[in-house]
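Trainee: Handing you this structure, nothing more for now.
The values are calculated or read from the model by the stated rules, or taken from the named source; none is laboratory data. Worth saying up front: this structure is predicted, and the values here are computed from it rather than measured. When we count neighbours, we look across all protein chains shown, and the Cβ atoms used for this are built from the backbone with ideal geometry, even at glycine. Protein only, heavy atoms only, side chains kept; ligands, DNA and RNA dropped before computing areas. Shrake-Rupley method; radii C 1.70, N 1.55, O 1.52, S 1.80 Å.
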Amino acid sequence: MTLTFFNVGYGEAVLVECPDPARPRGSFIMLLDGGSGEAEEFPSELPQRAPLIRELERRGLDHIDVVVSTHIHEDHVCGLLPVLERFPPGELWQALDGALAFQLPQLPQVELEHPSRRKFARSLEDWRKLTCQAQRRGVKLRQLTAGDCASPCPGLTARALSPRWGQAEDLAQAVRELFYTQEPERFRERLTALDGAMNNYSLVLSLEHQGEHQGARALLPGDANAAACGQIDPELLSADLFKVGHHGQRDGASRELIAAIRPKVVVCCASSDRRYNSAEPGILRMIADSGAELFFSDCPPGPDGTVPPPHSALTFTVGADGALQGVYAG
């Protein structure tokens with residue numbers, strides 16, 4: 001199995017590939033999130049960053065079996081629209097019931113002064129378009145909540161750890177109310193509240209791959225922070241690879257969470273400029289002190305000030321013995 005974390009700046013896009021003779025070219029391919037859809041995230045002076053669709057085409061990707069949308073924020077969902085148009089997957093996984101998107105009108109056109117509110121409004125509309133477009137293309141829509149398991153290819157088990165079904169229902173109700181709110185001030189209030197709560201509605205996945213001799217497990221929590229992950233049964237959290245939540249901001253991890261996961265390697269998806277105080281130095285030191293090896297999807301400074309080499313992707317290969325080998329590439 002390989003896991004590739006693409007350099008999409010402040011955002012996340014993870015490609016999982018496993019051997020499967022039944023799939024094209026003998027490979028099962030899963031994509032989790034798609035990074036940003038904004039051109040400003042990929043300036044010419046940072047050529048190692050690239051929109052996800054460009055990087056997938058450059059690699060000669062010929063199909064995607066499963067797309068996972070962990071939650072509705074611009075830096076996770078908006079880059080998925082062009083990917084779905086170019087590579088319609090067999091299935092789209094998310095915590096929300098896909099039928100909700102078909103029931104909603106276009107998001108009200110309310111003037112929003114704050115840039116982050118405008119980004120969130122765009123992500124909501126792009127999520128609606130993504131889900132509806134997937135349905136029109138014959139993509140199977142699959143809702144996953146805590147306790148659900150899937151075995152999409154031989155040797156791979158995907159287990160949803162969060163959100164709980166009731167939380168997903170709460171999210172659906174909040175989204176529904178927002179899309180039908182016409183009064184501008186009330187719309188802004190609901191938009192701001194949902195934006196602040198969205199991270200902890202993330203679909204948290206544990207991916208376990210059984211190799212020839214030994215398995216390996218990756219914990220991918222989207223933007224769910226330490227408080228959200230702390231509500232999960234600690235016995236389900238253990239993982240060899242942990243993608244730290246919320247881009248390594250201060251709330252992304254805690255000593256208790258790291259102790260429960262016991263990761264060998266930790267990946268932090270933070271931008272090189274450490275936007276929004278991502279790759280927070282205290283969090284990085286805490287991870288390093290745990291003994292885990294720390295990697296980055298972009299190039300922020302590590303806990304000792306060392307900056308990773310310029311790269312377009314970080315790829316981990318899981319060997320037959322379950323060992324993880326990480327390489328910066330491109």
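Trainee: Decide, for the chain, between rounded, prolate and oblate: order the square roots of the alpha carbon gyration tensor eigenvalues as a ≥ b ≥ c, take rounded if a/c falls under 1.5, and otherwise choose prolate if a/b is larger than b/c, else oblate.
Mentor: Since a/c stays below 1.5, the shape of the chain is classed as rounded.
Trainee: Could you list which residues have their amide H under 5 Å from that of Leu294, counting only those 5 or more apart in sequence or on another chain, with H placed in the peptide plane?
Mentor: Val266
Trainee: What does the C-alpha gyration tensor say about the overall shape of the stretch 93-228? Classify as rounded when a/c is under 1.5, otherwise prolate if a/b is larger than b/c, or oblate.
Mentor: The shape class here is prolate.
Trainee: Same structure again: Keeping all protein chains in place, calculate the accessible area per residue for the chain (probe 1.4 angstrom), answer in Å².
Mentor: 41
Trainee: How about the stretch 1-53: which GluC sites (Glu not before Pro) there lie in a loop by DSSP and see at most 11 other Cβ atoms within 10 Å?
Mentor: Here the GluC sites (Glu not before Pro) that fit, given the DSSP loop and packing criteria, are Glu45.
Trainee: Something else about it: Provide the net charge surrounding Tyr180, with neighbours chosen by a C-beta distance below 12 Å and charges set as Lys +1, Arg +1, Asp -1, Glu -1.
Mentor: Taking every Cβ under 12 Å from that of Tyr180, the sum is +1.
Trainee: Which trypsin sites (Lys or Arg not before Pro) in the stretch 249-298 pass both tests, a DSSP loop state and at most 12 other beta-carbon atoms within 10 Å?
Mentor: none
Trainee: Using a 1.4 Å probe on the protein heavy atoms, what percent of the accessible area of the chain belongs to carbon and sulfur?
Mentor: 48
Trainee: Name the residues whose placed amide hydrogens come within less than 5 Å of the amide hydrogen of Gln249, ignoring near sequence neighbours (fewer than 5 apart) on the same chain.
Mentor: Here Ala279, Glu280 satisfy the definition.
Trainee: May I ask for the net charge around Trp165, where only other residues with Cβ less than 13 Å from the Cβ of Trp165 are counted and Lys, Arg are +1 while Asp, Glu are -1?
Mentor: -3
Trainee: Something else: Determine the sum of side-chain charges near Gly138: Lys and Arg each +1, Asp and Glu each -1, restricted to other residues whose C-beta is under 15 angstrom from that of Gly138.
Mentor: Local net charge: +1.
Trainee: Here's another thing I want to ask about it. Which whole-number percent gives the relative contact order of the chain, counting Cα pairs below 8 Å spaced six or more residues apart?
Mentor: Answer for the chain is 16 percent.
Trainee: With θ set to phi - 60°, apply the Karplus curve 6.51 cos²θ - 1.76 cosθ + 1.60 along the stretch 242-258 and write out the HN-Hα couplings as whole Hz, x wherever there is a Gly or Pro.
Mentor: Here the 3J(HN,Hα) series is 10, 8, 4, x, 6, 6, x, 5, 4, 8, x, 7, 9, 4, 5, 5, 4 Hz.
Trainee: Each residue of the stretch 300-312 in turn: what ³J(HN,Hα) in whole Hz from Karplus with 6.51, -1.76, 1.60 and θ = phi - 60°, glycine and Pro shown as x?
Mentor: Karplus-based 3J(HN,Hα) across the stretch 300-312 equals x, x, x, x, 9, x, 6, 9, x, x, x, 7, 9 Hz.
Trainee: Still on this structure, please answer the following. With a ≥ b ≥ c taken as the square roots of the eigenvalues of the C-alpha gyration tensor of the stretch 3-52, please select rounded if a/c is under 1.5 and otherwise prolate if a/b is larger than b/c or oblate if it is not?
Mentor: Since a/c reaches 1.5 and a/b is larger than b/c, the shape of the stretch 3-52 is classed as prolate.
Trainee: So what is the 222 nm mean residue ellipticity for the chain from helices alone, if each DSSP H run of at least 4 adds -39500 (n - 2.57) and you divide by all residues, rounding to the nearest 500 deg cm²/dmol?
Mentor: Estimated from H runs of four or more residues: -8000 deg cm²/dmol.
Trainee: Report the one residue of Leu96, Ser116, Pro43 whose Cα lies farthest in the direction of the positive end of the charge dipole of the stretch 33-143 (charges on C-beta: Lys and Arg +1, Asp and Glu -1; origin at the Cα centre).
Mentor: Leu96
Trainee: Could you grab the relative contact order for the stretch 1-136? Cα pairs under 8 Å, six or more apart, rounded to a whole percent.
Mentor: Reported relative contact order: 21 percent.
Trainee: Each residue of the stretch 158-164 in turn: what ³J(HN,Hα) in whole Hz from Karplus with 6.51, -1.76, 1.60 and θ = phi - 60°, glycine and Pro shown as x?
Mentor: These are the phi-based 3J(HN,Hα) values: 10, 10, 7, 9, 6, x, 5 Hz.
Trainee: Which residues' amide hydrogens lie under 5 Å from the amide hydrogen of Val68, considering only partners 5 or more residues apart or on another chain, with H built in the peptide plane?
Mentor: For Val68, the qualifying residues are Leu31, Leu32, Asp33, Trp93.
Trainee: Rg/Rh for the stretch 28-83 to two decimals, with Rh computed the Kirkwood way over all alpha-carbon pairs.
Mentor: 0.97
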